[in-house]
Amino acid sequence: MLDMLPSALRRLRRAPITTGLNVLALALGFACFICALGVAQYWNMSDSQFANSDRTYVLTQEFGDGVGTSTGPRPRSTPTAAKYMREDFPELEAVARLANKREWTVAAGDRRAALIGARADREITTIFDFDFLAGDGARALDAPDKVVLTQTAAERLFGRSDPMGQTIHFAGDFYPVVSGVIADIQAPSHFVDVPGSLGHFDFIYGWPTDLDEEDWWLGTTGATYVLFPSTEAEISPARLLQRFPDFLERRVPDEQKAAVEFRLGLVKLSDLQARMIDMTLFGGRSSGLLSVTTLLSLLGLLVLVVACVNYANLATAQATSHVKEVGMRKVLGAGRAEIWGQYWFEALLLAIAAAIISLALIWFAAPVIANLTFIDLRAGLFSSLTPLAIIALGVVAVSLLASLYPVVIVSRVRPVEAVRAGSMKGGPKRAILILIGAQFAVASWLLIVLSVINAQNGFLRQANLGGEDVIVFATDDDSQAIGSEILRADLAQSSAIKSVTEIDYLPWSNYDNYLGFSRQADGGGNEVSVFQTRVGHEFFETFDMTLLAGRVFDPDRSDGTADLYRSDDPGDVLQIVIDAPLARSLGFATPGEAIGEAVYFSRSFKDTTGIDVRLEVIGVIAPKPMVFSANENRSNAYILTPEAGAYIIAARIDAGRVDQALGELRSAIAARNPDALPRLQFMDEAFESGFRTFSAVNSAFLILSLLAFAVSLVGLFAMAVFIANRRRHEIGVRKTLGATTGQVTGLLLKEFTVPVLIGNLVAWPLAYSAANAYLGTFLSRIDLTPIPWIASLVITLLVGWIAVGGQAWRAARIKPAEVLRYE
């Protein structure tokens, strides 16, 4: 192989511009591929710091209606499952739950802090070997009144004092004793506070024994961890999955089985972080190809293939000018393998250089990428030899693929023709144009998808417009003292507070609560899946929702006289407000037609819960999203909650009196609950917090897409340089026959325009499918218009003309005598 080096270097030095552009395009392609590989490897490292990570799985629970609608396998489950799994599967080494993860006001003496807390089974410390800085891990959570703090939480509550044996206070009259302090858990881990995190906590306390009394399978409140034995013995993940159907048949009460279909599954701990992101992005449809890891990997590989095609394209064009050399080598006895070996060695040198450049770029760009995506590419790529081995294989594969086509072209020429002609004047023109079209098909697809993503993001931000005028905050369990009705009365004279209400979830959080609605009294017929929200008075005014027909909840009327969760009398009436999409789904031609009409819960909901009320539509509003994930639902219904029955309080304030409003809210809360530490948050801050997962993934796609487009641009420019030089003689002849500079320029531009147009046409239907798949994630989405497709066509054409135009104009201005004299 070393004997090929002088020849390869000589040929590369002969065309420095082409060589440089080839290296640049390959480096960009490798950068995309390596970035995608780094992301996948980083997530695969998740929780690997725990000794039992390879034996730990998380239980997934899925609900279905039996006719195709499904929530998808979610890494959350009912606490009831763990209770019976311990009894039915004693072969398992440990089963533990982590649930009720939420933010609390925690007090220790005079210190207070807002901390994320969760209850957990004592076996959690068996499954996860947390680094205990103080306390005995085996006994740290063996009683409900024990609590384990992270190191940071302990410092916030106790400073430099020893926290062991001290009490903390949260959730009303609950005073657990500190039984352990663990070191802060390091990323990558699902316990770290990053987008898609499932288990992040600042403290965990023992699981209360009275919570295991009710067998309720219809709700998923937290994670259930399963630790398999170190030796397979009688149980393994595959065997446990086979036994789950019988387990559900035996343990789920009949009335709950009649309501929905249950499915249990398992997800490996190392796959959990990626699965949570998939659930956020794709809801119940996340599986197989529709996962962020798969999509990023495919996109990275696609861009690398484009770079490889670009190299093959230019190398083929170059090879057609050097067939005389190939012919001479054939005359001297060289076979096809030797000729291919020379081309492959040149491609290998360029691929190695490109890979080294891309690795260096990624190393220095890693901190910036980490800020955008919360992913440490350095850790993903350089913590083991596996990623580097994959990159090495990629280098070899790229060199093989990139060199194959040029060899096929030139090796077909017979020696006598090659020696006589010196070059293939026509060259593989059609193949070159096809390869250019393929590159721009990818570029066009990426541009369209990115346009749709940005338009949807803008739509959501527009829907949240005015978020700086709305403050939301969570209440603790003692919220009865500071419900929205009390706060509204306390702040009635405030000029800075316009309205106060409540809602049962934090806007833009990862929340879902779907019910089936029907217009038939028995709950049958055409059922519509509805996103249900419990709200307080002044909700629609606070969140600036547009009323289309009827009215909203009025404190002076008897709205909500029936208690949704206690009524079993079919004569009870519960007033509801719905949005326009739900009105259409229920068969009402206009919003006004829905006013005063009756709606009923689905039959399965009635049979399961015993709740049987008539729902009366009193108002119809324009849709306004406040959650991201749709789970393929497009309808909303709002039910008036009992006083202080919701978790989040919201207030609309005067934008010109922000400081006054914040001060009055804090004072009013403190007057009712002196121990409360209100975490006041503007609505736009809640949006940005909830949008972190989408933003991180969108940033990753944006980076890869821009690199892919750059590869296409570099390739097109390189081909323009090469082809313009090859056609100097033709241009000279045309100008001698009277062609103008503009005509020659137009001819060259046209030649490159055709593959760009064809590439766009190929990309359009594929981009439409991808855009619809992405938009299907959201509860409220934009309507697709031709604008992204037209914009993609215009941009790719303009970029193509700019890349080619300069070379075409330069070639068209040559003087015929300068060319025809020597050629």
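What follows draws every value from the coordinates through simple rules; no lab data is involved. As the structure is a prediction and not an experimental result, all values here were calculated from the model. Here the Cβ is made from the backbone with ideal geometry for all residues, glycine too, and neighbour counts use every protein chain on show.
Which of the peptides 294-304, 45-55 is most tightly packed, and how do the rest follow, judged by the mean count of other Cβ atoms within 10 Å per residue?
Numbers: 294-304: 20.8, 45-55: 17.4.
With the highest mean Cβ count within 10 Å placed first, the list reads 294-304, 45-55.
Given the Cα-Cα distance of I434 and Q186 and 0.36 nm per residue of separation, how much length would full extension add, in nm? Don't jump to the answer; show the numbers that get you there.
Numbers: separation 248, 0.36 × 248 = 89.28 nm, distance 4.89 nm.
Separation in residues times 0.36 nm, less the Cα-Cα distance, equals 84.4 nm.
Sort 156-166, 531-541 by the packing proxy (mean of other Cβ within 10 Å over each peptide's residues), most packed first.
Working: 156-166: 15.2, 531-541: 22.2.
In descending order of packing, they fall as 531-541, 156-166.
Using θ = phi - 60° and the Karplus curve 6.51 cos²θ - 1.76 cosθ + 1.60, what whole-Hz ³J(HN,Hα) does each residue of the stretch 617-626 get, with Gly and Pro shown as x?
6, 9, x, 10, 10, 6, x, 9, x, 9
Report, by chain and number, residues whose modeled amide H sits under 5 Å from the one on D47, excluding near sequence neighbours (fewer than 5 apart, same chain).
S189, H190
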